[in-house]
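Working notes, beginning with the structure itself.
The values are calculated or read from the model by the stated rules, or taken from the named source; none is laboratory data. Because the structure is a prediction, the values reported are computed rather than measured. Ideal geometry is used to build each Cβ from the backbone, glycine not excepted, and the neighbour counts take in all protein chains shown. The protein model used for the area step is the full one, side chains on, heavy atoms only, and it has no ligands, DNA or RNA in it. Shrake-Rupley method; radii C 1.70, N 1.55, O 1.52, S 1.80 Å.
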Amino acid sequence: MNETWIELTHQIHEMGSKTGNCLSLLQKAFIYTSRESLEDCLRKLAAIKAQEPVLSKKIAEMVRQEKERKVYAEIPKHFLEICGHLEVLAEMLRKKIDENILFSDRAVTEISFLSQNLLEILNAATDLVLVKNPILVRYVEESEAMVEKATIQYATHHEERLIEGLCLPMSSSVFLKVLESLKGIAREAKCISERMAI
């Protein structure tokens, strides 16, 4: 039996919730140097990625019958892009754990702050799939701008610390790639909110 549109939107929402759960696992891996959380996250990301083509196909079939649903067609692909950024983030955290790379207290605080904000942005973007709410759209877009500005600021401060010899080059590349991944997640969440604003 074919799914109803409500069932499909709930599947898209569930996909978003699972990506949020993966981000939470990476937060735990980062804070507690937990390989277990890291591996759990990577398993869940693989399952989300396997689910996306099936879900996208179902949505495409539904959109052919109901053109007004077209805005939903690209949403799973944005969640898939988020999964890609989470995989890069996971690999950087694995490198940090395996090579015992230390971050300064400031760097830990900055990444913790950004990842917590990202979790809230991702949850809001996911909820937009079920409820087209202009307040949520504005929240995601304003929060994405804040994350973008903060990541640029943190990268600049970090480069200054590197020049002053307060940061090791090995830590630097990992930190900058983590910032880039976090910025990418925020950008994809914003793309979802822009589509849901149509």
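Residues of the stretch 118-176 being of a type in the set (Asp, Glu) and farther than 26 Å from ASP105 by Cβ, which ones? Listed by number, the residues that qualify are ASP127, GLU141, GLU142, GLU144. No other residue among LEU8, LEU25, LEU45 is of a type outside the set (Gly, Ala, Ser), part of a helix (DSSP H, G or I), modelled with pLDDT of 95 or more and open to solvent by less than 20 Å² (accessible area, probe 1.4 Å) apart from LEU45. Within the stretch 128-162, being buried (at least 16 other Cβ atoms within 10 Å of the Cβ) and among the basic types (Lys, Arg) holds for one residue alone: ARG161.
Scanning the stretch 28-41 for residues that are assigned to a helix (DSSP H, G or I) and buried (at least 17 other Cβ atoms within 10 Å of the Cβ) turns up ALA29, PHE30, SER37, LEU38, ASP40, CYS41.
Could you please find all residues in the stretch 104-125 being open to solvent by 30 Å² or more (accessible area, probe 1.4 Å) and over 12 Å from SER24 (Cα atoms)? Once the filter is applied, which keeps residues that are open to solvent by 30 Å² or more (accessible area, probe 1.4 Å) and over 12 Å from SER24 (Cα atoms), the stretch 104-125 yields SER104, ASP105, ARG106, VAL108, THR109, PHE113.
Residue-by-condition table, conditions (1) under 28 Å from ALA197 (Cβ atoms); (2) of a type in the set (Gly, Ala, Ser); (3) modelled with pLDDT under 95; (4) surrounded by fewer than 20 Cβ atoms within 10 Å (Cβ to Cβ):
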{"site": "ASN2", "(1), (2), (3), (4)": "no, no, yes, yes"}
{"site": "ASN21", "(1), (2), (3), (4)": "yes, no, no, yes"}
{"site": "PRO53", "(1), (2), (3), (4)": "yes, no, no, yes"}
{"site": "LYS58", "(1), (2), (3), (4)": "yes, no, yes, yes"}
{"site": "VAL63", "(1), (2), (3), (4)": "yes, no, yes, yes"}
{"site": "ILE75", "(1), (2), (3), (4)": "yes, no, no, no"}
{"site": "CYS83", "(1), (2), (3), (4)": "yes, no, no, no"}
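Cβ-Cβ distances below 9 Å connect the following pairs, each with a first residue in the stretch 123-140 that is without any contact (Cβ under 8 Å) to a residue 60 or more places away in the chain, a second residue that is among the β-branched types (Val, Ile, Thr), and a separation of six or more residues or different chains: TYR139/ILE121; VAL140/ILE121; VAL140/ILE192. Being free of Cβ contacts under 8 Å to residues at least 60 places away in the same chain and of a type in the set (Ser, Thr, Tyr) is the filter here; which residues of the stretch 35-76 pass it? Once the filter is applied, which keeps residues that are free of Cβ contacts under 8 Å to residues at least 60 places away in the same chain and of a type in the set (Ser, Thr, Tyr), the stretch 35-76 yields SER37, SER56.
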